[in-house]
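Taking it in order: structure first as structure tokens, then the write-up.
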Amino acid sequence: MALSAQQIPRWFNSIKLSSFINATQLTKRFTRPGKTLLHGFSAQPQMSSDNCFLQWGFKTYRTSSLWNSSQSTDLSSQENNSAQSTLLPSVNEQSQKTQKTPNFDSELSLEGLDDLPPLSPLQPISEEEAVQIVADPPLPPVSFTLRDYVDHSETLQKLVLLGVDLSKIEKHPDAANLLLRLDFEKDIKQILLFLKDLGIEDNHLGTFLTKNYAIFSEDLEDLKTRVAYLRSKNFSKADVAQMVRKAPFLLNFSVERLDNRLGFFQKELELSVKKTRDLVVRLPRLLTGSLEPVKENMKVYRLELGFKRNEIQHMITRIPKMLTANKRKLTETFDYLHNVMNIPHHIIVKFPQVFNTRLFKVKERHLFLTYLGRAQYDPAKPNYISLDKLVCIPDEMFCEEIAKASVQDFEKFLKTL
């Protein structure tokens, strides 16, 4: 049992008087005259088997620090006593034994330490003990990055292991504060299991949570209710999983809003239930994004570009992105196709993917075909070139199959533009 510097004085004070008396009586019983040895040390008196057992017990329980201190004190005392009087060695030895025996009993009385009160945290300590104290650095009260909190937050550490990009989340102070307040086991684990059951793969969890960290603030029962609503509208489990991957904020919207969005597209576009379902599965951000671009593009197709309602239905079911495309890009592409290339509406309706192509690519290839005399887009005439082949195939196939020229010739022509 190791004793600290503060406990040693208390230990000595706890020794009872009876232990001193018993030790003295035991010494008197077994003492014998001693002999004078070299350098003034007096010989130890012979002891009985009981006294030998006492010495053995002392050697067993002593500590190294107390033994050294006791030994140096005893040696000094013996030298002084031997120098003062050598006439009565037995009396001196008996006196020395009486003085030393309480030390033996004191060192044996370790039971008294059990009654000592515990050290107070306010008790002063030495400088040597103070420098041995290791304390963790305090958390910064305010920080511009989550990096300062990762080593202290189990939640942040596990989110990093899942692939969450904290550098993107920390740009939103509210999101960073939310994550620091969450407990992984109580608040996050159940959401992760829900997403896993929904069909989100492990390698997509990090990307999903980086975009939609706000899902941790949603109630789990509300999330299950929204999934149940989609399933009630005949969306398959695979459809729901695909929609959630493409539109991470889908499950953050209430059932009422999801129902209103589905009703809007079915009514505005005059689509059947099946076509409406297929439309939002292919472009689920129609349910989460703003409706203003959709309404604006519908007016552009009808009023500015002159497409009929059934033609619009055909194009958007083929290319759903046309509902959210940039208005300026739509008008410029249509203007070049219809007014420069002289392609009528019914041809454009058959190949709506042309609106997803960059306009400069359409211009380059059309001008090259015009230079070669092969720009013919009327299906009723020979050497017809469809818009699909014009914009969808790579340059090598375009030059070989459509333009009947080499890629080098096409590249030289582009330098003249």
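Before moving on, here are some points about what is shown:
- Between Arg282 and His204, the contour length at 0.36 nm per residue exceeds the Cα-Cα span by 26.2 nm.
- Range of Cα positions in segment 317-356 per principal axis (Å), largest first: 25, 21, 11
- Links that overshoot a 26 Å alpha carbon limit, given the list Lys274/Lys389; Lys189/Lys246; Lys274/Lys327; Lys350/Lys381: Lys274/Lys389; Lys274/Lys327
- The residues of segment 202-320 expose, per residue, 50 Å² of accessible area to a 1.4 Å probe.
- Model label zone, Asn383; criterion: amide N under 18 Å from point 7 Å along Cα-to-beta-carbon; scope segment 327-368: 341-343, 365-368
- Cα centroid separation, segment 254-325 to segment 158-224: 30 Å.
- As a rough guide to protection, the peptides 204-216, 334-346 ranked by mean Cβ packing within 10 Å, highest first, stand as 204-216, 334-346.
- Sequence of Glu364, Glu304 when ordered by accessible area, the most exposed leading, probe 1.4 angstrom: Glu304, Glu364
- You can think of it this way: the chain between Lys404 and Thr370 has 11.0 nm of extra reach, that is 0.36 nm per residue less the Cα-Cα gap.
- Karplus 3J(HN,Hα) series, Hz, for segment 361-367 with 6.51 cos²θ - 1.76 cosθ + 1.60 (x for Gly, Pro): 5, 5, 4, 4, 6, 5, 5
- In order along segment 252-262, the Karplus-derived 3J(HN,Hα) couplings, from 6.51 cos²θ - 1.76 cosθ + 1.60 at θ = phi - 60°, round to 7, 8, 6, 4, 4, 5, 4, 5, 5, 5, 4 Hz, and Gly and Pro are given as x.
- Calculated from backbone phi, Karplus (6.51, -1.76, 1.60) coupling profile of segment 335-348 in Hz, x at Gly/Pro: 4, 5, 5, 7, 9, 9, 8, 6, 9, x, 4, 5, 6, 4
- Per residue, the Cα convex hull of segment 231-340 amounts to 101 Å³.
- Net lengthening on full extension, Lys412/Thr324 (0.36 nm per residue, minus Cα-Cα): 28.0 nm
- Where chymotrypsin sites (Phe, Trp or Tyr not before Pro) fall in DSSP loop in segment 340-395, at most 13 other Cβ within 10 Å: Tyr384
- Separation of the Ser217 and Asp165 label points, Cα + 7 Å toward Cβ, nm: 2.2 nm
- Mean projected area in nm² (Cα convex hull; one quarter of hull surface) for segment 306-417: 7.2 nm²
The values are calculated or read from the model by the stated rules, or taken from the named source; none is laboratory data. Note that the structure is predicted; figures quoted are calculated from it, not measured. Backbone-built Cβ (ideal geometry, glycine too); neighbour counts: all protein chains shown. Remember, those area values only see protein heavy atoms, side chains included, never the ligands or the DNA or RNA. Shrake-Rupley method; radii C 1.70, N 1.55, O 1.52, S 1.80 Å.
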